[in-house]
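Undergrad: One structure follows; several queries about it will come next.
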Amino acid sequence: MALNGSDDRVGFSSWINRRLPVASFVKKHLTGYYAPKNFNFWYFFGSLALVVLAIQVITGIFLVMHYKPDASLNFAGIPRAFASVDYIMREVPFGWLIRYMHSTGASMFFVVVYCHMFRGLLYGSYREPRELIWIFGSLIFLCLMAEAFFGYLLPWGQMSYWGAQVIVNLFSAIPLIGDDLSLWIRGDYVIGDATLNRFFSFHVIAIPLVLIGLVIAHLAALHEVGSNNPDGVEIKNCKDDKGLPLDGIPFHPYYTVKDLFGAAVFLIIFFLVVFFVPEMGGYFLEANNFIPANPMQTPPHIAPVWYFTPFYSILRATTTDFLWRVAVAGLVYIVLSWRLLGSFISRFIVVAIWVAMLVGFKYVDAKFWGVLLMGVSVIILFFLPWLDCSPVRSIRYRPSWHMLLYFLFVFSFFALGFLGVQPPNPVSQVVSQVLSLGYLSFFFLMPWWSRKGRFKSVPTRVTD
C-alpha cells in the first residue's frame with residue numbers, strides 16, 4: 001500500500017491504465033495529437049457542435065420523463081401529447097427552461113453545423129485524404145435533418161401536424177413505391193397516433209444512436225489523417241528531429257483552452273436566446289405550434305422550420321416551365337464539360353442521362369422532379385471531394401473570382417431560405433427558380449470552373 005496521498009493517486013491511475021487505456025487515449029487524441037497552429041475563428045464550430053449535441057441529449061432525457069406520445073384527446077378535448085408539453089412548460093420545475101433549451105438547441109445545432117460545413121467548403125477540407133471525414137460529416141447532416149423532422153411532430157401542434165402531413169405526402173410522388181413508402185412512414189392512412197409513436201421512437205432511440213456512432217467515426221477519421229488548416233497545407237510534410245510537425249501544436253492544452261472560451265461565448269449567446277427570445281420571431285417556434293393539432297383545419301400558410309427552407313424552396317420552385325429551363329441548363333453543362341469527360345463512354349452516359357431527363361420531364365409529374373431536385377440538393381454534398389478539380393485546396397490561393405462564386409452560392413442558399421418561409425407568389429417563384437439553378441450549378445459546374453483561372457503558389461508551410 002502507498003505511504004502517502006501522492007503515491008495513492010499514482011497507484012490508482014496506474015491500476016486504471018493497466019485495465020483501461022485512458023492515458024494512451026488522452027495522449028493519442030489530446031496531448032499527442034498535433035493540430036495546425038493557424039486555426040482561426042471558423043474552427044470553433046466543430047467543438048461547438050459537440051456542445052450542442054450534449055445539450056440536446058441531456059435536455060431530451062429530461063423531456064422524455066414527462067412527455068407522452070399520445071394523440072388521443074384528454075377530458076378537456078386536448079391531445080395528450082400537446083397537453084404533456086403544456087404540462088412541462090407550466091408545472092414541471094424548470095420545465096420551461098429545459099423545453100426552450102431543447103427547441104433553441106435544435107436551431108443552434110444547424111447554425112453551427114452550417115458554419116462548420118462552410119468552413120470545410122472554404123478551405124477544401126473534403127479533399128484527399130479527408131474524403132471519409134467529409135462523407136461522415138454529410139451523413140451526420142442527413143441524420144440531423146431526420147432527427148429534426150421526426151422531433152418536429154412531437155409537440156403535436158398545428159404546424160407540427162400539417163408540416164409532417166406535407167412532407168410525408170411528398171414521398172407519394174415517387175413512382176411505383178411512393179404510396180407504400182408514405183404509408184410505411186405514417187404507419188397509418190392518416191397522420192395519427194401510430195405516426196406519433198413511430199416518430200417518437202425514431203427521434204428518441206434510433207436516430208440518436210446512429211448520430212452518435214457517426215460522430216465517433218467522424219472524429220476517428222479526423223484524428224487518423226489529421227486536421228486541415230486555412231492554408232490547405234499538410235503539416236505532416238515538415239517535421240523536426242523528433243518526428244513532430246514543425247507547424248503543429250498539441251491539441252491539449254492549446255486548443256482545448258480556446259474551445260472552452262468559444263463554448264463560453266456561445267453559451268452566453270445561447271442562453272440570451274433561451275431567456276429573452278426563445279421563439280426568435282417565429283423562426284425557432286412558430287405561433288401556430290402553440291395551438292393543438294386540428295386535422296380538420298389547415299393553416300393558411302404551411303412552411304417547414306428555417307433550416308429546411310432552402311431545400312423546400314427548391315421543391316416549391318419546381319414547375320413544368322422550370323423543368324425545361326433545367327433541361328437547357330443541362331445542355332449547357334454537357335457543352336462545358338464535353339472536353340473534361342474524355343472517353344466516349346463518359347460522354348455517352350451523360351448524353352443518355354440528359355435525354356432520359358427530357359423524356360421524364362415530358363411524362364412524369366413536376367411534383368416528383370421537385371422531390372428529386374430537393375434530394376439532389378442535399379445528396380450532392382457527398383460528391384464534393386470528386387467534383388472539385390482545383391489544383392489547390394484553400395480559397396486563399398484560388399482566383400479572386402472563385403470567391404465571388406462562393407459568395408453567390410451562399411447568397412442563393414440564404415435567399416432560398418428566406419423565400420421558403422414566405423407565402424408563395426409568382427414573383428418569388430421566379431426568383432426561387434433562378435436561385436435554385438444557381439445553387440445546383442455551383443456544384444454541377446464545379447469540375448469546370450474549379451480548375452479555371454490563375455492560382456497562387458501554395459507555401460510549403462502554414463502561414464500565421
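The values are calculated or read from the model by the stated rules, or taken from the named source; none is laboratory data. Note that this is a predicted model, so its numbers are computed, not measured. A quick note on method: Cβ atoms are made from the backbone with ideal geometry, for glycine too, and the neighbour counts reach across all protein chains shown.
Undergrad: Output the number of the condition that PRO385 fails; it satisfies all remaining conditions of (1) under 19 Å from the mean Cα position of the chain (by Cα); (2) not in a helix (DSSP H, G or I).
TA: In the conditions (1) under 19 Å from the mean Cα position of the chain (by Cα); (2) not in a helix (DSSP H, G or I), PRO385 misses (2) alone.
Yes or no, residue by residue, for (1) under 25 Å from PHE308 (Cβ atoms); (2) of a type in the set (A, V, I, L, M, F, W, C); (3) not assigned by TED's automatic domain parsing to the domain that holds LEU260:
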{"residue": "ILE55", "(1), (2), (3)": "yes, yes, no"}
{"residue": "GLY60", "(1), (2), (3)": "yes, no, no"}
{"residue": "MET65", "(1), (2), (3)": "no, yes, no"}
{"residue": "PHE82", "(1), (2), (3)": "yes, yes, no"}
{"residue": "VAL85", "(1), (2), (3)": "yes, yes, no"}
{"residue": "PRO93", "(1), (2), (3)": "no, no, no"}
{"residue": "TRP96", "(1), (2), (3)": "no, yes, no"}
{"residue": "TYR100", "(1), (2), (3)": "yes, no, no"}
{"residue": "THR104", "(1), (2), (3)": "yes, no, no"}
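Undergrad: If I filter the range 281-303 for residues that are under 30 Å from TYR43 (Cβ atoms), touching a residue at least 12 places away in the same chain (Cβ under 8 Å) and under 28 Å from the mean Cα position of the chain (by Cα), do I get at least one hit?
TA: So far as the range 281-303 goes, yes, one or more of its residues are under 30 Å from TYR43 (Cβ atoms), touching a residue at least 12 places away in the same chain (Cβ under 8 Å) and under 28 Å from the mean Cα position of the chain (by Cα).
Undergrad: I'm trying to understand the selection: among the residues of the range 114-129, which are buried (at least 21 other Cβ atoms within 10 Å of the Cβ) and either touching a helix residue (DSSP H, G or I) at 6+ places or on another chain (Cβ under 6 Å) or over 13 Å from TYR406 (Cβ atoms) (or both)?
TA: Within the range 114-129, HIS116, SER125, TYR126 meet the criteria.
Undergrad: Whether any residue in the range 140-148 is in a helix (DSSP H, G or I) and over 15 Å from the mean Cα position of the chain (by Cα) is what I want to check.
TA: As a first pass, look at the range 140-148 and keep what is in a helix (DSSP H, G or I): 140-148.
This time we only want the ones that are over 15 Å from the mean Cα position of the chain (by Cα), so: none.
No: zero hits.
Undergrad: Follow-up. Hey, any hits in the range 271-284 for a residue that's of a type in the set (D, E, K, R), surrounded by 20 or more Cβ atoms within 10 Å (Cβ to Cβ) and not in a helix (DSSP H, G or I)?
TA: The answer is no; no qualifying residue exists.
Undergrad: Is it true that some residue in the range 259-268 is assigned to a helix (DSSP H, G or I), under 23 Å from the mean Cα position of the chain (by Cα), without any contact (Cβ under 8 Å) to a residue 60 or more places away in the chain and surrounded by 14 or more Cβ atoms within 10 Å (Cβ to Cβ)?
TA: Scanning the range 259-268, I find no residue that is assigned to a helix (DSSP H, G or I), under 23 Å from the mean Cα position of the chain (by Cα), without any contact (Cβ under 8 Å) to a residue 60 or more places away in the chain and surrounded by 14 or more Cβ atoms within 10 Å (Cβ to Cβ), so the answer is no.
Undergrad: Tell me which residues, restricted to the range 207-248, are in contact with a helix residue (DSSP H, G or I) (Cβ under 9 Å, 6 or more places away or on another chain), outside any helix (DSSP H, G or I) and buried (at least 17 other Cβ atoms within 10 Å of the Cβ).
TA: GLY226, SER227, ASN228, ASN229, PRO230, ASP231, GLY232, PRO245, ASP247, GLY248
Undergrad: Same structure, new question: Could you list all residues from the range 318-349 that are within 29 Å of the chain's Cα centre (by Cα) and of a type in the set (Val, Ile, Thr)? Before you say what the answer is, go through the steps one by one.
TA: Step one: of the range 318-349, the residues within 29 Å of the chain's Cα centre (by Cα) are 318-319, 322-323, 325-327, 329-330, 333.
Those that are within 29 Å of the chain's Cα centre (by Cα) and of a type in the set (Val, Ile, Thr): THR318, THR319, VAL326.
Undergrad: Regarding SER377, is this residue at pLDDT 85 or above and not in a helix (DSSP H, G or I)?
TA: In short, no.
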